[in-house]
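Participant: Please find one structure pasted underneath; my questions will follow.
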Amino acid sequence: MTKALEGVKILDFTHVQSGPTCTQILGWFGADVIKVERPGVGDATRKQLVDKPGADSLYFTMLNHNKRSMELNSKNETGKEVLTRLIKECDVLVENFAPGALDRMGFSWERVHEINPRIIMASIKGFGPGKYEDCKVYENVAQCAGGSASTTGFLDGPPLVTGAQIGDSGTGLHLCLGIVTALFQREKTGVGQRVSVAMQDSVLNLARVKMRDQQRLEAGPLKEYSQFGEGIPFGEATPRAGNDSGGGQPGRILKCKGWETDPNAYTYFIIQAAVWEKVCDLIGEPNWKTDTGFATPPERLDKLNQIFERIEQWTMTKTKFEIMDLCNPLDIPVGPILSMKEIAEDEGLYATGTLVKVDHPERGEYISVGCPIKLSASPVEVERSPLLGEHTEEILRDVLKYSDEEIQTISESGAIGEVRKAAE
Ligand code: CAO
């Protein structure tokens, strides 16, 4: 079966996390992703958070599936010629260098567009144009600048960053959508365009509901926030809402059986109006269905702590999975707090390809997260990440059509570093 993006060539000039997550998805959808890396060094993540000395790290391998690796010094004159030929051959150039780095290399958007008017050039930077545009930015900086950290955590605690990498992987996803949209437009116009995504903007987009609440504050307190029922006044900005649910339905994280020893023996529990009566019956408080002060959602707002404490007395008698089994048939929305260990052991996720086991010549088998987007006519086969420079010669010969003598000259110029053999 052909893949959705088969025939699309990507010049992958990305590194660390944000850019690589984008090109990995393009690779999963069938694009030929050519990762261009600095000779002898490569993407810095290859050697970061190393668990097996000498082998590419999981940080690298889990972000660079379905790619080919080419070593190329883009600051060397011959290297620039090779890069120019790659730009002519490719449909998309993706990069997430520090602001200005590509210009300093001599490959501004104007130059790239001149070399290949059909190419799409897609960039991730920390900030969009403005006072911070020259800053280098990492995940947590983006989470803070995009409004996520100020709205995450508990009211009486400091701002918090989240475990989900919304700054890096979130921005990679946004960029990916920009690229396929630009490819779609190119089908009609025949010309490429520039696609830019700032990490601050991506985080803000994901924190959109908190900007909604910022404006609602002008009309009065945010009644669905626990602090309203607790009588704590609101300040000028959207506050941290603990584990309140963002959609306006009261929800909390509650202890389950075993919480004393298991840090993840918790469940999320939502008490939306439609299931209130079922919740009352389930926890053994049938009178709350009709009692004054409990019967309607507005009446319950100042009693949420009391109500959730009572529900917690019940959840503490059950495991988080028993709670799922009891509540789901009643349409009471609950969610077990799953540890990464529990997720890694979930056979169902392997059956759907959301988790995959990948073999790697340096590290052996490891678990990776597969493609979360499922296309019925473009199945994903997760391939291991390339070793540094594993495909340099292959790309020079097959994609760029250099002859043996030319490859020899390029090699002698120092543009591709030491020629490496492909792994078995
Ligand atoms: N050949 C020759 N030189 C190369 C090269 C190659 N194949 N690949 C990269 N380089 C050079 C760059 O041109 C740059 O040189 P100059 O400083 O002379 O311009 C140099 O390597 C370093 O690149 P960099 O500044 O992008 O890398 P860094 O480690 O200093 O910064 C990062 C990393 C991520 C902070 C920065 O790239 C950045 O802000 N990127 C945009 C935002 C982003 O994606 N952040 C997410 C990172 S994941 O948390």
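Participant: Treating the Cα atoms of the chain as identical point scatterers in vacuum, please give the log10 of the normalised Debye intensity I(q)/I(0) at q = 0.07, 0.10 Å⁻¹, two decimals.
Facilitator: So the normalised log intensities work out to -0.45, -0.82.
Participant: How much length would be gained if the chain were fully extended between residue 316 and residue 185, taking 0.36 nm per residue of separation minus their Cα-Cα distance, in nm to one decimal?
Facilitator: Values: separation 131, 0.36 × 131 = 47.16 nm, distance 5.47 nm.
Separation in residues times 0.36 nm, less the Cα-Cα distance, equals 41.7 nm.
Participant: Right, here's the next one. Report the FRET efficiency, 1/(1 + (r/R0)^6), for residue 48 and residue 155, where r is their Cβ-Cβ distance and R0 is 60 Å, rounded to 0.05.
Facilitator: Working: r = 35 Å, r/R0 = 0.59.
E between residue 48 and residue 155, to the nearest 0.05, is 0.95.
Participant: Still on this structure: Could you line up 266, 350 from fewest to most neighbouring Cβ atoms inside 10 Å? Each step should come with its number before you reach the end.
Facilitator: Values: 266 23, 350 15.
In increasing order of surrounding Cβ atoms, one gets 350, 266.
Participant: Where in the chain are the helices, taken as whole DSSP H runs, whose Cα atoms extend 18 angstrom or more along the long axis and whose Kyte-Doolittle mean reaches at least -0.5? Show your work: numbers first, answer last.
Facilitator: Details: long enough: 77-89 (19 Å, -0.64); 169-189 (30 Å, 0.40).
Helices meeting the span and hydropathy rule in the chain are 169-189.
Participant: Listed highest first by mean packing, meaning other Cβ atoms within 10 Å per residue, what order do 78-88, 399-409 come in?
Facilitator: Details: 78-88: 19.0, 399-409: 13.5.
Top to bottom by mean Cβ count within 10 Å: 78-88, 399-409.
Participant: Per residue of the chain, what 222 nm ellipticity follows from adding -39500 (n - 2.57) for every DSSP H run with n ≥ 4, rounded to the nearest 500? Can you show the working numbers first?
Facilitator: Working: 17 runs with 140 residues, N = 424.
So the calculated ellipticity at 222 nm is -9000 deg cm²/dmol.
Participant: Cut-off is 10 Å between beta-carbons; in what order do 108, 202 appear when sorted fewest neighbours first?
Facilitator: On the way: 108 14, 202 24.
Arranged by neighbour count, lowest to highest, 108, 202 become 108, 202.
Participant: Right, here's the next one. What percent do you get for the relative contact order of region 250-332 when only Cα pairs under 8 Å and 6+ apart count? Don't skip to the answer; put the middle values down first.
Facilitator: Numbers: 88 pairs, mean separation 32.6, N = 83.
Once divided by the residue count of region 250-332, the mean separation gives 39 percent.
Participant: Show me 34-40, 168-174, 314-320 ranked by packing, highest mean number of other Cβ atoms within 10 Å first.
Facilitator: Numbers: 34-40: 22.3, 168-174: 24.7, 314-320: 18.4.
Ranked from most to least packed, the peptides come out as 168-174, 34-40, 314-320.
Participant: Right, something else. If contacts are Cα pairs under 8 angstrom and at least 6 residues apart, what is the relative contact order of the chain in percent? All intermediate terms of the calculation are to be shown ahead of the outcome.
Facilitator: Working: 752 pairs, mean separation 82.5, N = 424.
Relative CO of the chain lands at 19 percent.
Participant: Report the FRET efficiency, 1/(1 + (r/R0)^6), for residue 362 and residue 398, where r is their Cβ-Cβ distance and R0 is 22 Å, rounded to 0.05.
Facilitator: Numbers: r = 24 Å, r/R0 = 1.11.
Efficiency, rounded to the nearest 0.05: 0.35.
Participant: Another question, if that's okay. Taking only C-alpha pairs under 8 Å that are 6+ residues apart, what is the relative contact order of region 307-424 in percent? Each step should come with its number before you reach the end.
Facilitator: On the way: 78 pairs, mean separation 16.6, N = 118.
14 percent.
Values in this text are rule-based calculations from the coordinates and carry no lab data. What you see is a predicted model, and the numbers here were worked out from it, not measured in a lab. Glycine also receives a Cβ, built like all others from the backbone with ideal geometry; neighbour counts cover every protein chain displayed.
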